[in-house]
1. Name the helices (runs of 4 or more DSSP H) wholly inside region 437-507 in which the number of residues that are in contact with a Phe, Trp or Tyr (Cβ under 7 Å, 6 or more places away or on another chain) is 2 or more.
2. Quick one: which residue in Leu451, Leu488, Leu506, Leu462 is modelled with pLDDT of 90 or more and touching a Ser or Thr at 6+ places or on another chain (Cβ under 7 Å)?
3. Against the definition (modelled with pLDDT under 80 and under 20 Å from Leu663 (Cβ atoms)), how does Thr785 come out, yes or no?
4. Going by what's in this entry, would Ser105 be described as more than 28 Å from Lys208 (Cβ to Cβ) and of a type in the set (Ser, Thr, Tyr)?
5. Only one of Ile286, Ile310 is in contact with a His (Cβ under 9 Å, 6 or more places away or on another chain) and among the aliphatic types (A, V, I, L, M). Can you tell me which?
6. Pick from Thr204, Thr262, Thr153: which is open to solvent by 10 Å² or more (accessible area, probe 1.4 Å) and modelled with pLDDT of 90 or more?
7. Return the residue satisfying two criteria in turn: it lies in region 693-710 and is in a strand (DSSP E or B) and over 33 Å from the mean Cα position of the chain (by Cα), and of such residues it is farthest from Asp768 (Cα to Cα).
Amino acid sequence: MAENSVLTSTTGRTSLADSSIFDSKVTEISKENLLIESTSYVEEEMPQIETRVILVQEAGKQEELIKALKDIKVGFVKMESVEEFEGLDSPEFENVFVVMDFQDSVFNDLYKADCRVIGPPIVLSCSQKGEPLPFSCRPLYCTSMMNLVLCFTGFRKKEELVRLVTLVHHMGGVIRKDFNSKVTHLVANCTQGEKFRVAVSLGTPIMKPEWIYKAWERRNEQDFCAAVDDFRNEFKVPPFQDCILSFLGFSDEEKTNMEEMTEMQGGKYLPLGDERCTHLVVEENIVKDLPFEPSKKLYVVKQEWFWGSIQMDARAGETMYLYEKANTPELKKSVSMLSLNTPNSNRKRRRLKETLAQLSRETDVSPFPPRKRPSAEHSLSIGSLLDISNTPESSINYGDTPKSCTKSSKNSTPVPSKQSARWQVAKELYQTESNYVNILATIIQLFQVPLEEEGQCGGRILAPEEIKTIFGSIPDIFDVHTKIKDDLEDLIVNWDESKSIGDIFLKYSKDLVKTYPPFVNFFEMSKETIIKCEKQKPRFHAFLKINQAKPECGRQSLVELLIRPVQRLPSVALLLNDLKKHTADENPDKSTLEKAIGSLKEVMMHINEDKRKTEAQKQIFDVVYEVDGCPANLLSSHRSLIQRVETISLGEHPCDRGEQVTLFLFNDCLEIARKRHKVIGTFRSPHGQTRPPASLKHIHLMPLSQIKKVLDIRETEDCHNAFALLVRPPTEQANVLLSFQMTSDELPKENWLKMLCRHVANTICKADAENLIYTADPESFEVNTKDMDSTLSRASRAIKKTSKKVTRAFSFSKTPKRALRRALMTSHGSHGSVEGRSPSSNDKHIMSRLSSTSSLAGIPSPSLVSLPSFFERRSHTLSRSTTHLI
């Protein structure tokens with residue numbers, strides 16, 4: 001009965017529960033229907049509320065605001081005082097007040113009345129983006145801190161904190177009392193406390209209060225965001241703010257560098273032992289004991305804390321980097337446990353000596369590391385110690401045969417107790433290859449991978465382009481040599497004199513050709529990038545200091561590690577040569593080794609050739625950067641720079657007499673550029689420039705095929721180091737003479753002219769380059785260098801340049817020089833034919849322009865009248881001189 005009663009009651013409760021649930025659902029459905037009906041009724045009965053903007057006082061006088069409101073189609077009215085608000089208040093409108101100043105009494109009255117207040121930047125931003133006015137329960141002046149979540153720490157004055165919170169709200173920011181993962185910025189007034197430590201661990205930017213004040217000053221700037229890196233980084237709390245440091249155990253140079261870095265990162269430094277110091281930075285590898293007993297308030301930290309703080313761009317926690325003295329109780333206890341001063345000390349000492357000897361034989365003699373777990377096959381293993389040499393002369397002198405080679409297994413064969421010289425060299429080749437792979441793994445794991453990681457504390461240390469420039473094809477080189485090392489290891493384990501080592505390097509020769517040239521060719525650029533970034537970026541400098549001090553690096557710098565790929569292939573070639581010497585003639589590996597050595601030499605020759613081409617291309621790029629307006633078609637894969645010559649123009653072509661001209665001789669063309677004149681008041685911004693401004697101005701890029709003759713001007717009292725080029729441009733009917741004076745004695749004129757003629761002859765496919773040189777007297781071509789170095793000549797050239805600029809600036813018609821000369825010569829010839837040619841329509845147009853402009857002057861200038869006769873005499877002289885040359 002009891003069981004039945006229980007069952008009945010349970011069933012009753014169940015049915016009751018089900019019915020109650022059903023009733024509640026019915027009730028909810030009826031409520032929803034009622035709500036829908038009431039909503040539709042409200043929509044039918046209640047009128048729509050329209051947004052209306054009220055421009056308060058000065059805001060109503062801003063035409064820009066009125067235009068913006070018309071663009072977003074929002075109605076507006078103007079209001080001069082708060083008393084007018086009662087007349088404007090209406091239930092048909094939702095009023096939005098636009099106030100110019102959030103500090104005056106009108107704003108305070110509206111704020112107390114719980115009105116919706118916005119600033120002019122909000123209206124202008126909505127007009128620009130085509131968006132409706134945003135709704136905010138607080139007064140919103142601008143959106144400089146929109147989507148930012150801020151938290152505060154270290155503020156003792158309530159008034160200051162209230163002021164900062166109010167400004168953040170006015171700029172659209174959100175405040176959180178407790179720090180969590182959603183906080184985007186921590187505003188700190190000190191560098192201590194739990195919030196500060198959590199922000200450092202999460203990599204959250206820690207800002208000074210000035211960040212908020214400065215952002216408020218820029219509240220009227222459109223599209224300004226307070227979270228932009230360029231603006232935000234100015235106000236980040238530096239790592240050593242409120243810290244006073246002293247240093248112990250460092251050299252004078254290191255100490256000076258660290259003191260400079262301390263001031264750069266917002267801290268101060270004092271001499272050792274000063275009671276005001278907050279931190280003592282110790283070189284733990286040198287200092288074994290402190291010279292004084294530190295106070296409880298003084299943090300005694302390792303140098304890794306110093307560099308780690310700079311790398312993270314925030315003060316690191318001291319507890320992880322505390323310095324421990326060598327005679328601490330823990331260390332004393334561990335030493336006492338290993339003490340040999342016992343009754344059986346002789347036996348224990350002998351046993352320990354034998355154990356150490358056995359360990360040294362197994363580690364030093366074994367040419368390959370122990371087998372790894374299958375799960376670790378594809379991981380990069382970094383040895384704790386690196387062999388800093390990979391040449392046969394400085395390699396390790398191995399002892400007897402390792403036990404791992406003598407043990408029989410399914411993966412190895414028995415090895416005789418006495419090994420051959422060939423096996424010893426092969427073992428040495430494997431050991432150096434293994435060390436080399438470990439070095440490459442160290443470069444990748446310790447330097448490249450951390451620099452490439454996303455979400456670095458304090459942001460990226462280096463840009464992706466800089467990382468690519470520094471490391472280049474190191475991962476590809478690592479992959480190739482890992483395969484070579486594995487093949488060599490398998491060969492050593494399963495050793496046989498007939499095994500071919502040369503086949504291994506022949507197998508990967510194509511991979512070596514692909515991977516090495518990109519790195520070796522740009523190694524100098526990689527080195528320069530490291531040096532430049534280390535000087536300009538303190539965080540990268542700290543990153544290198546931390547990692548280079550680790551045992552994996554063997555106390556070597558990144559540059560010293562990166563030079564290993566440059567040295568590796570010559571070292572392998574030497575070892576293969578040594579291996580060939582100890583290989584019998586009847587051994588089939590003898591010929592294979594010769595082929596492998598030949599393939600390595602081809603790889604190195606390919607690297608050298610690619611390096612030469614790369615350097616040649618870099619020289620052309622340097623010319624393009626140095627010459628302003630240099631044609632883009634100068635860049636060509638088949639083109640190379642042969643010589644650069646500094647000269648002075650002696651004629652009126654290619655530029656004015658006395659101009660400094662630089663000639664760039666390429667294998668198929670000649671780039672002519674002049675020195676740029678200094679321009680005062682330029683507006684070129686230096687930001688972002690990695691190269692200095694161009695010092696030269698492009699004049700002409702001339703194919704060498706246009707040079708018909710090279711004139712070697714004889715040396716006289718009035719003419720020194722001069723030469724000329726007889727050129728036939730395709731657009732000209734007659735030859736043009738370009739005369740120059742060489743200003744440098746580094747390259748003799750004779751050598752320069754022979755070099756020029758040789759490349760001209762190669763371009764026009766002629767074998768007789770000597771026939772292109774013609775020795776001439778300076779009088780024949782009116783060439784002289786007498787006044788080039790005189791003060792009067794330099795002054796006259798300066799006056800000429802200035803007058804030319806003034807004339808060009810005030811001229812009504814920018815008539816080209818050549819057209820002006822042609823017009824003058826035509827007018828001098830009574831508007832007849834020039835050199836037997838009838839004037840064209842273009843010449844007539846120029847003459848009409850010339851006559852119209854000359855009528856403005858009224859009186860013809862004597863200098864202008866004398867110009868045509870000079871040009872005619874000069875052209876007749878040139879034609880007579882060049883007739884017998886051709």
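The values are calculated or read from the model by the stated rules, or taken from the named source; none is laboratory data. Only a predicted model underlies this, so the values are computations on that prediction, with no experimental measurement involved. Reconstructed Cβ throughout: ideal geometry from the backbone, glycine too, with neighbour counts over all protein chains shown. Note: accessible area is taken over every heavy atom of the protein model, side chains too, but ligands, DNA and RNA are not part of it. Shrake-Rupley method; radii C 1.70, N 1.55, O 1.52, S 1.80 Å.
1. 474-493
2. On inspection, the qualifying residue turns out to be Leu506.
3. So Thr785 fits the description; yes.
4. Spelling it out, Ser105 is indeed more than 28 Å from Lys208 (Cβ to Cβ) and of a type in the set (Ser, Thr, Tyr).
5. Going through Ile286, Ile310 in turn, the sole match is Ile310.
6. Answer to the selection: Thr153.
7. His700
For every residue, the table says whether it meets (1) surrounded by fewer than 18 Cβ atoms within 10 Å (Cβ to Cβ); (2) touching a Cys at 6+ places or on another chain (Cβ under 8 Å); (3) among the small types (Gly, Ala, Ser); (4) over 26 Å from Ile310 (Cβ atoms).
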position: Ser434; (1), (2), (3), (4): no, no, yes, yes
position: Ala441; (1), (2), (3), (4): no, no, yes, yes
position: Leu462; (1), (2), (3), (4): no, yes, no, no
position: Glu466; (1), (2), (3), (4): no, yes, no, no
position: Asp476; (1), (2), (3), (4): yes, no, no, yes
position: Asp479; (1), (2), (3), (4): yes, no, no, yes
position: Lys507; (1), (2), (3), (4): yes, no, no, yes
position: Tyr516; (1), (2), (3), (4): no, no, no, yes
position: Asn521; (1), (2), (3), (4): no, no, no, yes
